[in-house]
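**Q** The structure follows.
The values are calculated or read from the model by the stated rules, or taken from the named source; none is laboratory data. All of these numbers come straight from a predicted model, not from anything done at the bench. We place every Cβ from the backbone using ideal geometry, glycine too, and count neighbours over all the protein chains shown.
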Amino acid sequence: MQADLDQLHVVLVAPRNPLNIGAAARAMSNFGFLHLRVVNPYAVAFREARSAVGASELLANAEEYKSLAEAVADCTLVVGTTAVRHRDLQHPLKRLEYGARVIRKHFGSGRVALVFGTEKFGLATKDLSHCNWLMRIPTREEHISMNLGQAVAVCLYELSRDSKAAQQTERLERVSAGEVERISEVLLEALRASGYVNPHAEALTEDKVRRLVRRLSLQAGDAELWLGMLRQMLWKIRSGEK
């Protein structure tokens, strides 16, 4: 079972409160999830959190990244968490109890990143574009958001529960998030060269393209084929411009 748990990487994006970071790390240690990644943490808070009781070793081994894309590059499934609120989401949204089963089934296919946003605003739209789908904890409508440390604990408890679903695994090897990003970048380059991308809406187009490529759920062997096709198309487009 520990081998499965080792496939999960908890990713905290721009955390600012040392108590929240420490609580998240303690919850990870409680349930046996030992791999923490942090993206642009508030330096002072992160230093203070590293003295957290019962999780100092886990925090000492935490990996720091400058961007979410780098933090999830080696993961084959990236799941973002959200309280939803009034956001117009462009991703499939799963309740925790169902999403946890899907994640457990994926442990046989590669690393999984479970991503949590900042304490105040959650995940930004750009962060969401790196996710395959989103998961929410079914809290009551009158008070939907949870403290970061609590949210991590509830999600990891659900993931650690022993069930028949935990014994079922998908054996298809999926492309990593890093490979998805490479495909997205080449596709965007081809779209720019073709004149498809409106310079005034480039950021929005980038997010849409990332989501589109992730929805394809490509297998590992498909990545180079897609890159080869897109590069050939890009070369043809540029050759025609000369």
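**Q** Looking only at the stretch 110-124, decide whether some residue is under 19 Å from Ser160 (Cα atoms) and among the acidic types (Asp, Glu).
**A** No; the residues of the stretch 110-124 include none that is under 19 Å from Ser160 (Cα atoms) and among the acidic types (Asp, Glu).
**Q** Could you give every pair whose Cβ atoms fall below 7 Å, whose first residue belongs to the stretch 202-222 and is more than 10 Å from Val175 (Cα to Cα), and whose second residue is modelled with pLDDT under 85, counting only separations of at least 6 or pairs across chains?
**A** Arg211/Gln90; Arg211/His91
**Q** Ok, one more. Of the residues Leu96, Leu34, Leu8, which is modelled with pLDDT of 90 or more and in contact with a Pro (Cβ under 9 Å, 6 or more places away or on another chain)?
**A** Leu96
**Q** To continue, here is another question. Any residue at all in the stretch 7-17 that is more than 20 Å from Asn147 (Cα to Cα) and either in contact (Cβ under 8 Å) with a residue 24 or more places away in the chain or not small (Gly, Ala, Ser) (or both)?
**A** Yes, the stretch 7-17 contains a residue that is more than 20 Å from Asn147 (Cα to Cα) and either in contact (Cβ under 8 Å) with a residue 24 or more places away in the chain or not small (Gly, Ala, Ser) (or both).
**Q** Quick check on Ala220: is it out of contact with any Cys (no Cβ under 9 Å at 6 or more places or on another chain), farther than 25 Å from Val112 by Cα and of a type in the set (A, V, I, L, M)?
**A** Answer is no for this residue.
**Q** Looking only at residues in the stretch 159-180 that are surrounded by 19 or more Cβ atoms within 10 Å (Cβ to Cβ) and charged (D, E, K, R), which one is modelled with the highest pLDDT?
**A** Glu179
**Q** Here is a further query. Can you give me the number of residues within the stretch 1-15 that are under 24 Å from Leu128 (Cα atoms) and surrounded by fewer than 18 Cβ atoms within 10 Å (Cβ to Cβ)?
**A** Residues that pass the stated criteria total 1.
**Q** Where residues in the stretch 59-71 are modelled with pLDDT of 90 or more and surrounded by 15 or more Cβ atoms within 10 Å (Cβ to Cβ), which of them is nearest to Ala153 (Cα to Cα)?
**A** Ala62
**Q** From the set of residues in the stretch 126-146 that are hydrophobic (A, V, I, L, M, F, W, C) and part of a strand (DSSP E or B), which is surrounded by the fewest Cβ atoms within 10 Å (Cβ to Cβ)?
**A** Trp133
**Q** For the stretch 55-98, which positions are of a type in the set (Asp, Glu) and assigned to a loop (DSSP other than H, G, I, E, B)?
**A** Asp74, Asp88
**Q** Please indicate, with yes or no, whether at least one residue in the stretch 72-86 is surrounded by fewer than 18 Cβ atoms within 10 Å (Cβ to Cβ), at pLDDT below 90, of a type in the set (Lys, Arg) and under 26 Å from Ala223 (Cα atoms).
**A** Checked the stretch 72-86: no residue is surrounded by fewer than 18 Cβ atoms within 10 Å (Cβ to Cβ), at pLDDT below 90, of a type in the set (Lys, Arg) and under 26 Å from Ala223 (Cα atoms).
**Q** Would you point out which residue out of Pro92, Pro15 is more than 25 Å from Leu218 (Cβ to Cβ) and over 13 Å from the mean Cα position of the chain (by Cα)?
**A** Residue meeting the stated conditions: Pro15.
Residues checked against (1) surrounded by fewer than 13 Cβ atoms within 10 Å (Cβ to Cβ); (2) outside any helix (DSSP H, G or I); (3) among the basic types (Lys, Arg):
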| position | (1), (2), (3) |
| --- | --- |
| Thr205 | no, no, no |
| Arg210 | no, no, yes |
| Arg214 | no, no, yes |
| Gly228 | yes, no, no |
| Gln232 | yes, no, no |
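**Q** Additional query: Can you tell me which residue in the stretch 99-125 is surrounded by the fewest Cβ atoms within 10 Å (Cβ to Cβ), limited to those that are assigned to a helix (DSSP H, G or I) and of a type in the set (A, V, I, L, M)?
**A** The extreme case among them is Val102.
**Q** Condition check: surrounded by 14 or more Cβ atoms within 10 Å (Cβ to Cβ) and either at pLDDT 90 or above or acidic (Asp, Glu) (or both). Does Leu218 satisfy that?
**A** No.
**Q** Can you name every residue in the stretch 18-36 that is surrounded by 21 or more Cβ atoms within 10 Å (Cβ to Cβ) and either in a strand (DSSP E or B) or under 18 Å from the mean Cα position of the chain (by Cα) (or both)?
**A** Once the filter is applied, which keeps residues that are surrounded by 21 or more Cβ atoms within 10 Å (Cβ to Cβ) and either in a strand (DSSP E or B) or under 18 Å from the mean Cα position of the chain (by Cα) (or both), the stretch 18-36 yields Ile21, Ala24, Ala25, Met28, Phe33, Leu36.
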